[in-house]
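Heads up: the structure comes next, in structure tokens.
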Amino acid sequence: MSLSFIICTHNRIDLLKDALIRFFHADKPTGQQIELLVIANACTDKTVDYVNALADSKKLAPLTLRCIEEPKPGKSYALNRAIAETQSDALCFLDDDQLIQPDFITNLLEALSSYPDYGIICGRLVPAWDGTEPTWVHVTGEYRIRIRPFPEFDLGETPKELLPSDKLPSGGNLTVRRSTLDKVGGFSVDIGPQGHNLMGGEDIDFVRRCLDHGLRIFYFPRLRQQHMILKDRMKTTYMMRKSYIRSYTAGTLTPSRPSGLKIYMFRKMTVYTLRTLTTFDSNRRFYFLMRLSAMLGEMRAAMKRKVETAR
């Protein structure tokens, strides 16, 4: 089975270096056709020069390394360029701020071989917490922050099939068979991040289309990655913007969401505002502030849906 690892990146050479270093030290099975393909999406830093120099050094052997430039900004454009640039039997999509574990490649090949009826394989993705993070990231229960600063996906130790009602994996945690791409197509260029903005949804849209086509998703927990800890992503302003934008994106992608502003939206907005101003617990205050930001995003999406319906 031929396998391509795909990393799309935009002007984040320092993070990309750390991600590629993990490939230096990962177990590399022999006798397999495996490549690492970096898509430099509208990069203006030294990304292309660095990756090309690394490819010439042969440090990744027996993996092959290629760098492709995609000048059109937008992660979906980069992802679709990767799909077009390789004909491998399976494509493993990773993010440039994630670190694979040493046995990731061998475990992925085992999963692809052992579960041939599944069009998508995903694994475990956890933040590399180092103890310097704010306390709210570890809060559980009622006041857990639903929109996380980093992607997290941990469904336990048991391999299992994921159903449409289950939590679905994010874009840096997807291995997709070529046959799946042939049926479903690529990623929607109408959604997803451009540059370093906080838009998303291209991954969930893709996974939902796969499920709509009757394709199956398998969770293989021995596929393990860690997400690098980026300090600016845990700032209040960043989290407010992310909660707002992700809620707005979800509202525009979900047909069942309301069209136009509703009374309950104003009621919730008022409650979240009052709770933010009156609670003395910092973690609870942060929770209500995130809920307020998400509600504002939902309201914007509802107004957009009303405008589109009226056309």
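Bear in mind these aren't lab numbers, they're just calculated from the coordinates by the rules spelled out. Keep in mind the model is a prediction, meaning the values are calculated, not measured. As a convention, Cβ positions derive from the backbone with ideal geometry for all residues, glycine included, and neighbour counts pool all protein chains shown.
If I take every Cα pair under 8 Å that is 6 or more residues apart in segment 266-311, average their sequence separation and divide by the length, what percent do I get for the relative contact order? Kindly include the intermediate steps, with their values, before the conclusion.
Numbers: 21 pairs, mean separation 16.1, N = 46.
Across segment 266-311, relative contact order equals 35 percent.
Averaging over every viewing direction, what projected area does the convex hull of the Cα atoms of the chain cover, in nm²?
On the way: hull surface 68.4 nm².
Projected over every direction and averaged, the Cα hull of the chain covers 17.1 nm².
Taking the chain as a Gaussian network, Cα atoms linked when under 10 Å apart, which of Tyr264, Tyr118, Tyr77 shows the biggest mean-square fluctuation?
Tyr264
I'd like the antiparallel share, as a percent to the nearest 5, of DSSP beta bridges with both residues in the chain. Write down the numbers at each step before the final one.
Details: 13 of 41 bridges.
Of the beta bridges lying entirely in the chain, close to 30 percent run antiparallel.
Could you tell me which of rounded, prolate or oblate describes segment 5-138, using a ≥ b ≥ c as the square roots of the eigenvalues of the alpha-carbon gyration tensor, with rounded for a/c under 1.5 and, failing that, prolate when a/b is larger than b/c and oblate otherwise? Please report the intermediate quantities before stating the final value.
Details: a/c = 1.34, a/b = 1.01, b/c = 1.33.
Rounded is the answer for segment 5-138, as its axis ratio a/c remains below 1.5.
Please report Rg (one decimal) and Dmax (integer) in Å for the Cα set of segment 228-304.
According to the Cα coordinates of segment 228-304, Rg and Dmax are 13.4, 41 Å.
With respect to the cross-link table entries Lys160/Lys235; Lys72/Lys167; Lys167/Lys262; Lys75/Lys183, which display a Cα-Cα separation exceeding 24 Å? Mind dumping the intermediate values first?
Details: Lys160/Lys235 35 Å; Lys72/Lys167 31 Å; Lys167/Lys262 27 Å; Lys75/Lys183 21 Å.
Beyond 24 Å between Cα atoms: Lys160/Lys235; Lys72/Lys167; Lys167/Lys262.
Show me the ranking of peptides 201-214, 86-99 by mean Cβ neighbours inside 10 Å, starting with the highest.
Working: 201-214: 18.3, 86-99: 20.6.
The peptides rank, most packed first, as 86-99, 201-214.
Per q in 0.18, 0.21 1/Å, what log10 I(q)/I(0) does a Debye calculation on the alpha-carbon atoms of segment 127-267 return?
For segment 127-267, the Cα-only Debye profile gives -1.33, -1.55.
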